[in-house]
Structure formats: C-alpha cells, structure tokens
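Structure, as structure tokens:
The values are calculated or read from the model by the stated rules, or taken from the named source; none is laboratory data. Keep in mind that what you see is a predicted model, and the values were worked out from it rather than measured. Neighbour counts run over all protein chains shown; Cβ positions are idealised from the backbone, glycine included. Calculation scope for accessible area: heavy atoms of the full protein, side chains included, ligands and nucleic acids excluded. Shrake-Rupley method; radii C 1.70, N 1.55, O 1.52, S 1.80 Å.
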Amino acid sequence: MSTQRLRNEDYHDYSSTDVSPEESPSEGLSNFTPGSYQRFGESNGTTWFQTLIHLLKGNIGTGLLGLPLAVKNAGILMGPLSLLVIGIVAVHCMGILVKCAHHFCHRLNKPFVDYGDTVMYGLESSPISWLRNHSHWGRHIVDFFLIVTQLGFCCVYFVFLADNFKQVIEAANGTTNNCHNNETVILTPTMDSRLYMLSFLPFLVLLVFVRNLRALSIFSLLANITMLVSLVMIYQFIVQSIPNPSHLPLVAPWNTYPLFFGTAIFAFEGIGMVLPLENKMKDPQKFPFILYGGMAIITALYISLGCLGYLQFGPHIQGSITLNLPNCWLYQSVKLLYSIGIFFTYALQFYVPAEIIIPFFVSRVPEHCELVVDLFVRTVLVCLTCVLAILIPRLDLVISLVGSVSSSALALIIPPLLEITTYYSEGMSPLTIAKDALISMLGFVGFVVGTYQALYELIQPSTAPIVINSTSAFA
C-alpha cells in the first residue's frame, strides 16, 4: 500500500468503518475528464443519510461529556452563547475548506483533494514566493496537527476509561437499585487511576493490532449502540428535577474561560472528516445541506447537554458528566456501556496517526521485517498515549489541552488563512480578508491562552479535582 493512497484516506477512516484500507476513494470516478469539473459520486458510495450518521457519530465522543464542565468554566449564560458562536465559526471554517477543495479540483482537474493537499495547493497559490517554494510544508503541518489531535483523543480515552472504571469499582459496595435518593456514597479506595490506565494498556495494544478497518466494523457498531443508549440515559436523568439555577454565575471568572475554549473546540474538531465524507457520497451535491444540517443538530446537542448537565450538578460537575451519575446499578451500567464504546473507538481514532506514521518506518526495512516493524510502531504509539495520560491524569485538563493545542489549529486557524492564500491573487473583498484574519487571530489567541491556562492548572491547580460522586448540585 503506497503512502500516497494512505494519505488520501486518512481523513475518512476515523469517522467511518465502512471503508477498508484496500479501497480507494477514487473508485467510481472513471468518468472524470480533464477540462471540465463536476462533483461525481461513487456508484457504491454512501447515501445522504449514511453520510449524516457518519458526521454525527464522528462528532460525539468524550468531548461531548466534558461540555457541562466547560459551561461551568464560562458561566451559565456565557457558556451556551460561546458554544453557539464557536459552533457557527467552526462550521463556517468547514465550509471554507470544502469551497477551497472544490476550487483546486476544478483548477487542477482532480476528482478530489484532502485537507493536506488543499493546504499545499493553497500555499502554491499564495502571492508570497517563500510560501510557494515551501508549499509542501502545508501537507506536513496538517499531518502533524492531525497526529497530535488523534493521539490526544487517545490520551483522553485512557483517562476516561480509568476514571469511570475506578469510580464504578470503588462504589460497588455502596451501589444500590435505588436511583432516586441523592446520596453521597463513601468510596472504597482501590488503586490509583494511573494503575487503571496501565491495566488497559495491554488490551488496547492488542486492539490496535487489528489493522483492517473492516475487521473493526462490528466493534464500531457495538460502540455506536452502547454510546447512543448511554447518551439517552444521561439525558433522561439530567432533565429530572433540575435545581434552582439562581446561585449559578452568569459569567465565570475570566481565568477559567480559556479552559472552556479548549474543551469546546475539542468537541467541535470534526473538520478532518468533512472532505472524505463528501468524496464517498453517491450525490455530493447534497453535502452542503448535510454538513450544515448535521452540525446544527450537533451544536444543539452540545449546548443542551452542557447547560442541562451544569444546571443539574452545579459546582460539583466533573470532567465527564458520567462521573456525576448516581451510584445505582442502572447508571453504573451507563458508565460501563459508554466506556466500552470509548474502548473500541480508541482503535478508530488511532488508525489515522498510525497510517501516517507507520509507512515512514515500514518503507525503510526489508519486506520480511515489515509486519514486525508495523506492530512495534503501533505498540510504541499506544504506550506513548498511555504515558502522556499518566502524566496528565485529570480528564478536564487533558481535553482542554488537546483542544487548545491542536484542534484550534485544524478547526479555526488554518481554514481562514487557506481562503486568503487561495483567493487573494484572484481578488478578495477587504471585508472577507478582515473576517478571515479575525477568525485566525481569535483561534491563535485561544491556542496560546488555552494552552497556557491548561498547563498552569496542571502545575499549580487552583482547586483539587472532585473525587466524590454527587447526584445533584445539592447532594
């Protein structure tokens, strides 16, 4: 398998398991003729509904469960308003990426381009000669941030699994069948959460040894079902008997807002899947409606869960809302179900950086050593995510740090700059240039301040992480 073909599929694989590494997105595009441009669909491509489902499930994960704490870090009024603004800007940047990709497909007579190709061609179109001469770095920059983002997701999964399993096990003696009493359960101390992470390590190593996504499809289906059921149960609980929100601040202290930004952009970072989803559609002309409609649903889901979760648990909200669920067997099973879904999703998120990094090493060894090197690199990468998770064992800080460092670059900083480099020589209105510059600057400020605040909280935490379980703000 060539490295170039892997590049062309990197941005699809982690959002869908309907394609195996042996398939090429160019299948079904034999009717493409130079000199004319048209968005051709694949004869065996996805329908609009399948594409919508892929878009939805690609944006629902641990970031969603961390949004109630994000709303706490922004305030009960500022939080949802900021989520709405970030959602609108993030979707606008997705639209910019699609528009620029179509532009280069038309100009270069290509049936499709991915994120990295689009940035590379955008730099080639720049009026600045230095950027044109170093345009290949556009591909490398996108690959770098994609690797950091996806491995960051994997780190978050380690912490999420450890925290949820640790809480279920420690509360086992006090777990009842009564889910209505707001009781604080005295946990039975077990081992440190970092030891739980090490316990998951060998199982995740074995999981990523499955190199074909088709073989993971059954696990992906299981993950989707368990996460959907868990999400329904979470909503079912948080809408009941919401406490009086008058004691909650409308606007939180300014120094916690950067943590909100990191968590929010972590949740909205789905831009990497946009072009591949469109490329696999039977009818790509419908993709803009799917993109904007699907992201509207996702934004509404984010805002509702973030607000309801914070209203229900108040200042006691933790890094994942699952950690606040009652200690009864029904909701303990919700934690386990969602954890099972996250466990299998690890392999899907891991597939992207693996398929970028592994060919670099495999291509430099004899053919009979390729499998050994492949498995060795996979093992090292999983161990790396485990070590990083152990070094930053607080779920909220891991999410905020990953969002600030890498997700902001892919989702907010790069797309507006790409639009400027793509269309500047062809004429752009000053208003569009100002808009793009403003979005990129805001993304960069969020990148710097969010990263600083997350690292500061890691080194000198202002408040100790909550380790008890509360079933309401007044428990």
- Message: Using amide H atoms built in the peptide plane, which far-off residues or other-chain residues are under 5 Å from residue 281 H to H?
- Response: 42, 46
- Note on the structure: Simple SL model, points at 7 angstrom along Cα→Cβ for residue 375 and residue 134; separation in nm is 4.1 nm
- Query: Put 102, 54 in order of accessible area, largest first, 1.4 Å probe: what do you get?
  - Reply: 102, 54
- Message: Please list, in order along segment 409-425, the HN-Hα scalar couplings obtained from phi with the Karplus expression 6.51 cos²θ - 1.76 cosθ + 1.60 (θ = phi - 60°), rounded to whole Hz, x for Gly and Pro.
- Response: 5, 5, 8, 10, 7, 6, x, x, 5, 4, 5, 5, 5, 6, 10, 4, 5
- Item | Whole-Hz couplings from phi, Karplus 6.51/-1.76/1.60, listed for segment 114-121; x for Gly and Pro | 9, 4, x, 4, 4, 5, 4, 5
- Can you list residues whose amide H is under 5 Å from residue 328's amide H, if they're 5+ apart or on another chain and H is modeled 1.01 Å from N? 176
- Message: Keeping all protein chains in the complex and leaving out DNA, RNA and ligands, what accessible area do you get for residue 137 with a 1.4 Å probe, in Å² to the nearest 10?
- Response: 130 Å²
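On a 1.4 Å probe surface of the protein chains, which of 378, 394 comes out largest in accessible area, and what is the full order?
On the way: 378 5, 394 50 Å².
In descending accessible area the options line up as 394, 378.
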- Query: Got a number for the accessible area of residue 263? Probe 1.4 Å, square angstrom, nearest 10.
  - Reply: 10 Å²
- Query: Given 57/435; 99/286; 99/435; 57/166; 72/166; 57/99, which pairs have Cα atoms separated by over 19 Å?
  - Reply: 57/435; 57/166; 72/166; 57/99
- Message: Using the basic label-point model (7 angstrom from Cα toward the beta carbon), what is the residue 441 to residue 255 distance in nanometres?
- Response: 2.7 nm
- Message: If I model a spin label at residue 247 and residue 85 as a point 7 Å from the Cα along the Cα→Cβ vector, what separation in nanometres do I get?
- Response: 2.9 nm
- Message: Given a Förster distance of 51 Å, report the FRET efficiency between residue 329 and residue 283 from their Cβ-Cβ distance, rounded to the nearest 0.05.
- Response: 0.65
